[in-house]
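Worksheet for the structure shown next.
Coordinate-derived values only; no laboratory data. Source: prediction; values computed, not measured. As a convention, Cβ positions derive from the backbone with ideal geometry for all residues, glycine included, and neighbour counts pool all protein chains shown.
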Amino acid sequence: MARRVLVAGAKPPRYERQGHGREALGPPRRRVDPHGEIIIKEAFDESRTTFDYDTQDYAYQEVQRLLDSAIVLLRHIDGAVDATYLAKGDHIYNGNRVQWLRFAWGMKALVLNHFTNKVGTYQSDSVIAAVDSSFKSNADDALLQYPGTSTDLQDYNFYGWSRNNIRSYRQTQFVVGLMNGTQFGGVVDPRMSRMLAPASDGQYRGVDPNLGGFGALTAAQQPFNFFGYAGTGGSGLPARYIFADRSKLPVMTYAELQFIKAEAALRKGDQATARTAYVNGISASIDFVNARNLDAGQTPTQITGTEKTAFLADTNIVPALGNLTRSHVMSQKFIALWGWGHNEIWMDMRRYHYEDRGPPTSTPTTRASWCSGSGRGTTRSTSGTRRDSPPSTPWIAIITRIRCGLPNGDALHETTPRSRGAALCRPARLLRQEHGPGAPARARSHGPHHVLQFWRERARGEFLRQRHEDDGDPVEERH
């Protein structure tokens, strides 16, 4: 779900007090993350037919400037921010100034948290302060509502059955593994049966994107679609979670912001604050799932108070004070954003370099890391920090839309045995360059690769680890 907010109908000069936030929350911030350089300064110059691109740094500066301006203006309590005008076209907060102010602070926290790899720029305290000024509970969640009354379906949920955008899509084994006990000491997440779809045999499974289709899953093992039915079924039937025609879709949630706060607190070594925010995030996510399953009479039952209490009391989920890791936080944040927060999930994976790694086994040399092609026993290199020998424990590939390398399985990026060590450097460079200026048109036409993310096979895997934490190598990455 793109983080785009439209506040229409404001009259000058009130627009100056209400419109800055809209600009920051819309195109600049939404587009700079996936595209890098974008057009800002000349975007609305009607005299031009060609445009100069602005740098990613400038785009982020402009986003922060607009957010800061919006925060200053939305703080006015002198009547200059008119709720009547603000409410025109506002389908989220109906002109509520305080909630828009909190939203702006939440967006500021989100943007500041993107700078974790920027040495000297990222500040945990600033992120935490912004979160504390933002949403106070799920009541502040920014939700887009879909009444589902128009004959052209334009006011129907994009993910709903009627819009026919995702009928043939299926959940992957990645999210199932996060929730079925595989990665958290055997603890089954009560949200799984309320968010995901079972197979006809009642079990929850995900597809392996590397295999194509359902792979080796039998008909009885194949997961239903997101609406909860076989094939592309679901017409006129109750759906599941956020996939009903009238489900409300979030732009930003209290749970998401609490996980951002937990991550920031861990970075400064404040375990107590991190743990509190982490628990708040999981609790709010559970409540969010319950609320969304009531939006349009969806089929899943409500998560009971007993289920919620037991889940939060399990130390595999919420460890004792002092034992919380970033793996806990990022795993639970992924679950909370699954299905709607795609851009932010991708941003998190980029910030942590698409990998989960144990302690270094040798002194780092050239930059390359381990990438599994389609399962155990094969590796392929991507950006990262190479070790002279592969990780001592096995890895499994868990999520990607296509194989690592060209979609058609070019021999250039076919499997590389783990034993080849330094030979991994060359494929790494080629993989990174194949969409550059000198890349063949066939390769460029497929768009960027979906690089595999790793999950270490252990009782409760460490989800993500930042590269320079492993080896002390400062990373200057594009956010």
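Its relative contact order, with pairs defined as Cα atoms under 8 Å and 6+ residues apart, puts the range 144-342 at 23 percent. Residues whose amide H comes within less than 5 Å of that of M252, counting only those at least five positions distant or on another chain, are A142 (H built at 1.01 Å from N in the peptide plane). Normalised by the number of residues in the range 26-120, the average gap of Cα pairs under 8 Å and 6 or more apart makes the relative contact order 20 percent.
Sorting D152, D245 from the fewest to the most surrounding beta carbons within 10 angstrom yields D152, D245.
Sorted from fewest to most neighbouring beta carbons within 10 Å, what does the list H114, H35, H328 look like?
By the 10 Å Cβ count, ascending, the order reads H35, H114, H328.
The 3J(HN,Hα) values that the Karplus relation (6.51, -1.76, 1.60; θ = phi - 60°) gives for the range 38-46 are, in residue order, 9, 8, 10, 4, 9, 4, 10, 7, 6 Hz. Gly and Pro appear as x.
Could you please rank T121, T325, placing first whichever residue has the fewest other Cβ atoms within 10 Å of its Cβ?
Details: T121 12, T325 16.
Exposure proxy ranking, most exposed first: T121, T325.
Rounded to the nearest 0.05, the FRET efficiency derived from the C-beta distance between D45 and D68 at R0 = 35 Å is 0.90. The range 204-218 and the range 265-316 have Cα centres separated by 29 Å.
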